[in-house]
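As C-alpha cells, the structure follows; a few thoughts come after it.
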Amino acid sequence: MDTPQLSGWLLDIQRSSMHDGPGIRTTVFLKGCPLSCKWCHNPESQKFSPQLAYFTEKCTLCRRCESVCPTGAHTFSSQKHSFDRNACIQCGKCAKACPSGALKLFGYQATVEEVMAVVRKDKKYYDASSGGLTVSGGEPFAQFSFTLALLKAAREEGIHTCVETCGYASTEQILTFLPYVDYYLFDYKLTNDELHQAYTGVSNQKILYHLDLLYTHHAKIRLRCPIIPGINDTPEHFAGIHALEVRYPDLCGIEIMPYHDMGKPKATALCRANEIEAATASQAQKDAWRREMARCGCSESILNSL
Ligand code: SF4
Ligand code: SF4
C-alpha cells in the first residue's frame, strides 16, 4: 500500500499541546497498548479495537440509540436502559444519534495523509516554538508501520518528531525508529520487577534495556515517572529513579507525574473494573513524596517537577 494511504487506529488528535514534548505540538493519540497498567488514566487507549463507552449518568432515556442500533444492543424497560456489550459491533451509529453524550465510540481509522493534513496546519507554531508532532498512545511502537510512516512523513516536511513510549517493543522496532525520532518521552513506572509485572502485565527488563539502548545511541530522552499512591510511592522506587538520574546524566530531564483518577469514569463506562483504590494525589501527599525523594538522593530538578 502507498505509504500516505496506510491507515492506523487513532483515539484523538490534539492540537496546541504544551506538555507532550518541547514547544507547541500536535499530539496524535493511537489506540492499543501492550501493557495494561492498573492505574491507566486513558483506559480507552488500551485495546487495539474500537470500544463503545456508555456513561450512565448522562443518559436522558430518549431511546434514540434503540431506534438506530442494528443489533438490538440497547433495550429499555421500566425507565431503565440496558446496554448489551456482547451484542455491539462498534458501528458507532448510536453514539452519533445520542443527543446527551452518554455514548461515545473510542477509536477510528485514519490514513497517514489524513493525519498529516491536521499536523501541517500548525507548522508555523512549531517553527516559532521549536515544537512539532508527538505520537502518543496507547503505545506508538505497537502500530509499527503506521507510526513509522507518520514520523517519516513529518520529517520530510521538516517537522520535529517526538514519541511517548512505554519502551515495550521489539529491539528491532526500536532501532528501526531511531533515525526518525527527535525526542522521546519515556515512561519509568516501577523499579521492582515483580510489582511491575503485577501492575502493568509485563516485566520491566526489556523496557530498561531499551532505555539503555536509546541513551547509548545519544537519543534525546525525557523520563516520565507516574507516581501512584500506595503502589510505587516507595523508597525503593524513589531510589530507583535517583539511580537512573546518576546512570544517565545526559537525560533531558526526569519528570514526576502524580496520579490523578480521571480515568475511573471512563473505565466504568467501558465496563472495566476500577482496578486500584487510589485517589488523586493530594498536596500533603506530594509534599511527603518530595521529602522522601530528597532523602533518596533525587535532585532539585526532579523535586521541582512535582
Ligand atoms: S455501536 Fe452500533 S452496534 Fe454498538 S450499540 Fe451502538 S448502534 Fe448498536
Ligand atoms: S440516545 Fe443517549 S441519551 Fe438517549 S437513551 Fe440512548 S444513551 Fe440515553
Checklist line | Neighbourhood net charge (9 Å Cβ-Cβ; Lys/Arg +1, Asp/Glu -1) for Val119 | finding: +2
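Run the numbers on the range 1-119 and let me know its relative contact order in percent, using alpha-carbon pairs under 8 Å that are six or more apart.
Details: 178 pairs, mean separation 38.1, N = 119.
For the range 1-119, the relative contact order is 32 percent.
Kirkwood hydrodynamic radius (Cα pairs, Å) of the range 64-163?
Working: mean 1/r = 0.0603 Å⁻¹.
By the Kirkwood definition, the hydrodynamic radius is 16.6 Å.
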Note to self: To the nearest 20 Debye, how big is the dipole of the chain about its Cα centre, given +1 on the beta carbon of each Lys and Arg and -1 on that of each Asp and Glu?
What the structure shows: 1020
Item checked: Accessible area, probe 1.4 Å, largest first, for residues Tyr259, Tyr215, Tyr180 -> Tyr180, Tyr215, Tyr259
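Arrange the residues Cys33, Cys162, Cys62 by how much accessible surface each exposes, largest first, with a 1.4 angstrom probe. Don't skip to the end; give the middle numbers.
On the way: Cys33 30, Cys162 0, Cys62 60 Å².
Solvent-accessible surface, decreasing: Cys62, Cys33, Cys162.
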Checklist line | Per-residue [θ]222 nm for the chain (sum of -39500 (n - 2.57) over DSSP H runs n ≥ 4, rounded to 500) | finding: -9500 deg cm²/dmol
Note to self: Straight-line reach only, C-alpha to C-alpha below 17 angstrom: list the lysines that Lys31 could link to, leaving out same-chain residues fewer than 8 apart.
What the structure shows: Lys47, Lys104, Lys266
Notebook entry, point to check: Any idea how far apart Phe76 and Leu306 come out in nm if each label point goes 7 Å out from Cα toward Cβ?
Noted result: 5.2
Notebook entry, point to check: Can you list the aspartates and glutamates whose alpha carbon sits under 13 Å from that of Lys286, skipping same-chain ones fewer than 8 residues off?
Noted result: Asp233
Note to self: Which log10 I(q)/I(0) values does the range 265-306 give at q = 0.24 Å⁻¹ under the Debye formula, counting every alpha carbon as one identical point scatterer?
What the structure shows: -0.77
Checklist line | Value of Rg/Rh across the range 11-88 [Cα atoms, Kirkwood radius] | finding: 1.11
Checklist line | For the chain, projected area of the alpha-carbon convex hull averaged over all directions, nm² | finding: 17.4
Checklist line | Solvent-accessible area, 1.4 Å probe, carbon plus sulfur percent, for the chain | finding: 52
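How high is the relative contact order of the range 51-106, given as a whole-number percent (alpha carbon pairs under 8 Å, six or more residues apart)? Write out the running numbers ahead of the final one.
On the way: 80 pairs, mean separation 27.7, N = 56.
Relative contact order for the range 51-106 comes out at 49 percent.
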Margin query: Once you place label points 7 Å from the Cα toward the Cβ at Leu213 and Cys91, how far apart are they in nm?
Written below: 4.4
Checklist line | Ellipsoid semi-axes in whole angstrom, largest first, where each is sqrt(5λ) of the Cα gyration tensor of the range 51-106 | finding: 15, 13, 10
Notebook entry, point to check: What are the aspartates and glutamates whose alpha-carbon lies under 14 Å from the alpha-carbon of Lys38, with same-chain residues fewer than 8 places away excluded?
Noted result: Asp261, Glu275, Glu277
Margin query: Projecting each Cα onto the charge dipole of the chain (Lys/Arg +1, Asp/Glu -1 at the beta carbon, about the Cα centre), which of Phe106, Gln5, Cys65 comes out farthest on the positive side?
Written below: Cys65
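What is the chain's relative contact order, in percent, from Cα pairs under 8 angstrom and six or more apart in sequence? Numbers along the way, then the final one.
On the way: 555 pairs, mean separation 58.4, N = 306.
Relative contact order here is 19 percent.
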Checklist line | Residue-count net charge about Pro249 - beta-carbon cut-off 15 Å; Lys, Arg +1, Asp, Glu -1 | finding: -1
Notebook entry, point to check: Using the heavy atoms of the protein chains alone and a 1.4 angstrom probe, what is the accessible area of the chain per residue in square angstrom?
Noted result: 47
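Return the FRET efficiency for the residue pair His260, Leu61: r is the Cβ-Cβ distance, R0 is 35 Å, and the value is rounded to the nearest 0.05.
Values: r = 31 Å, r/R0 = 0.89.
According to the calculation, E is roughly 0.65.
What is the percent of Cα-Cα separations in the range 114-224 that go past 19 Å? Before the final figure, lay out the partial values.
Details: 2793 of 6105 pairs.
Of all Cα-Cα pairs in the range 114-224, 46 percent lie more than 19 Å apart.
The values are calculated or read from the model by the stated rules, or taken from the named source; none is laboratory data. This one's a predicted model, so the numbers in the text were calculated from it and none came from an experiment. Positions of Cβ are generated from backbone atoms using ideal geometry, with glycine treated the same way; all protein chains shown enter the neighbour counts. Surface accessibility is based on the protein's heavy atoms, side chains included, excluding ligands, DNA and RNA. Shrake-Rupley method; radii C 1.70, N 1.55, O 1.52, S 1.80 Å.
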